[in-house]
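Report on the structure given below.
The values are calculated or read from the model by the stated rules, or taken from the named source; none is laboratory data. In this text the structure is predicted, and so the values were computed from the model without any measurement. Cβ atoms come from the backbone with ideal geometry, glycine included; neighbour counts cover every protein chain shown. Areas reflect the complete protein model, heavy atoms only, side chains present, ligands, DNA and RNA absent. Shrake-Rupley method; radii C 1.70, N 1.55, O 1.52, S 1.80 Å.
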Amino acid sequence: MLSRTADHLFWMSRYTERAENTARMLDVNYQTSLLPQSAAVAQVGWQGLLSISELLPSYGALYGEVASDKVMEFMVKDEDNPSSIISCLRAARENARAVRGTLTTEVWETQNQTWLEVNRMLRSGEFERDPGQFFEWVKFRSHLSRGVTVGTMLMDEALHFMRLGTFLERADNTARLVDVKFHAVQSDFFGAATEQDQEYDFYHWSAILRSVSGFEIYRKVYRDVIKPERVADLLILRADMPRSLHASLNEVVSNLAMVANDQSSETQRRAGKLRADLQYGHIEEILATGLHAFLTQFLDRVNELGARISRDFLIPATA
């Protein structure tokens, strides 16, 4: 396959997944902001979202003080912000258009319709009327895109590069979501002292689980009250949790093997080593050595993996 075609397919999937994960992060902050809490605590949550997306300086230059409505506008509608939902969906559609002949009609029409519809929704004010419903729509369109891709595309290199993009992006975004939410409430590791704290804990952690479609899975797996260390275990180490770091790396490793070439052996080795660290890891060890440090290192390794995939298979980055 031409590296240019592989590059467009890879980034089409990454941007679609990024739009979904941005919607998930915004949704968990929006839902958490509806809980009883001080203005200072709410601001820390929104500030953390910008920090983990590495967008705090860009936001500050435009808006100054962190406020929920401005953060949501910046992360949803700002076309100058490359990580906003509108920018991600535009980039996904442009990458799809560049390789229209490689995609099935169903895949192209799904991408194109998503782009047309999101513009209509933002113009008509649907986002402002019900942010939660808008975020659900973004997630649904991403689900639809993945389902149509798997259900209609030939199982060849094109599909494998699309899957690589999806799961590399998912690993990155799940790690960021876990990091920002655990880093913001470190005291929760020591348990809630009062009944009011326990109630807040439940809603806080259940909102995080719902943001990765993990609330029902948590109940099924642990059959117990929601505990932070088990949330971390589910989202990092459980291979049977679809959005976990372990499940994402399983997919990255298997799809890398399907497109392997003469120069990709070191990339495969590093992906396999990262997967092995998750496969044989224990959440107690991770928490003892520091969750933030673990996730920061994980993000560095995932980013390095993405750079190596680009170098081995895709268009080389120009200076």
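What to note about this one:
- Whenever a residue of the stretch 24-48 is open to solvent by 70 Å² or more (accessible area, probe 1.4 Å), its partners that are of a type in the set (A, V, I, L, M) and in a helix (DSSP H, G or I), lying with C-beta atoms within less than 6 angstrom and at least six residues away or across chains, give the pairs Gln31/Ala207; Val44/Ala184.
- The numbered conditions (1) open to solvent by 70 Å² or more (accessible area, probe 1.4 Å); (2) assigned to a helix (DSSP H, G or I); (3) not charged (D, E, K, R) are all true for Asn119 except (1).
- Among the conditions (1) buried (at least 16 other Cβ atoms within 10 Å of the Cβ); (2) touching a residue at least 40 places away in the same chain (Cβ under 8 Å), Ser68 misses just one, which is (2).
- Gly214 fulfils the conditions (1) within 18 Å of the chain's Cα centre (by Cα); (2) more than 24 Å from Arg308 (Cβ to Cβ); (3) surrounded by fewer than 16 Cβ atoms within 10 Å (Cβ to Cβ) except for a single criterion, (3).
- Selection count where residues are small (Gly, Ala, Ser) and more than 16 Å from Thr174 (Cβ to Cβ), scope the stretch 227-264: 4
- Across the stretch 277-319, the number of residues qualifying as within 18 Å of Lys227 (Cβ to Cβ), open to solvent by 60 Å² or more (accessible area, probe 1.4 Å) and among the aliphatic types (A, V, I, L, M) comes to 1.
- Helices (runs of 4 or more DSSP H) (entirely within the stretch 31-89) containing at least 3 residues that are at pLDDT below 85: 39-52
- Cβ pairs under 6 Å, 6+ apart, first in the stretch 143-161 and in contact (Cβ under 8 Å) with a residue 40 or more places away in the chain and aliphatic (A, V, I, L, M), second surrounded by 12 or more Cβ atoms within 10 Å (Cβ to Cβ) and assigned to a helix (DSSP H, G or I): Val148/Glu106; Val148/Val107; Val148/Thr110; Met153/Leu159; Ala158/Leu9
- Yes/no for Ala276 being in a helix (DSSP H, G or I), at pLDDT 95 or above and within 16 Å of the chain's Cα centre (by Cα): no
- The residues on offer are Ser13, Ser58, Ser84, and the sole one that is under 26 Å from Arg311 (Cβ atoms) and surrounded by 17 or more Cβ atoms within 10 Å (Cβ to Cβ) is Ser13.
Table: residues versus (1) in contact (Cβ under 8 Å) with a residue 40 or more places away in the chain; (2) among the hydrophobic types (A, V, I, L, M, F, W, C); (3) assigned to a loop (DSSP other than H, G, I, E, B).
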| site | (1), (2), (3) |
| --- | --- |
| Ala207 | yes, yes, no |
| Leu235 | yes, yes, no |
| Asp240 | no, no, yes |
| Ser248 | yes, no, no |
| Val252 | yes, yes, no |
| Asp262 | no, no, yes |
| Thr267 | yes, no, no |
| Arg270 | no, no, no |
| Gly306 | yes, no, no |
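- From Asp240, Asp262, Asp233, residue being closer than 21 Å to His160 by Cα, within 20 Å of the chain's Cα centre (by Cα) and of a type in the set (D, E, K, R): Asp240
- Selected residue (only one of Ser68, Ser83, Ser13 is more than 24 Å from Asp300 (Cβ to Cβ) and touching a helix residue (DSSP H, G or I) at 6+ places or on another chain (Cβ under 7 Å)): Ser68
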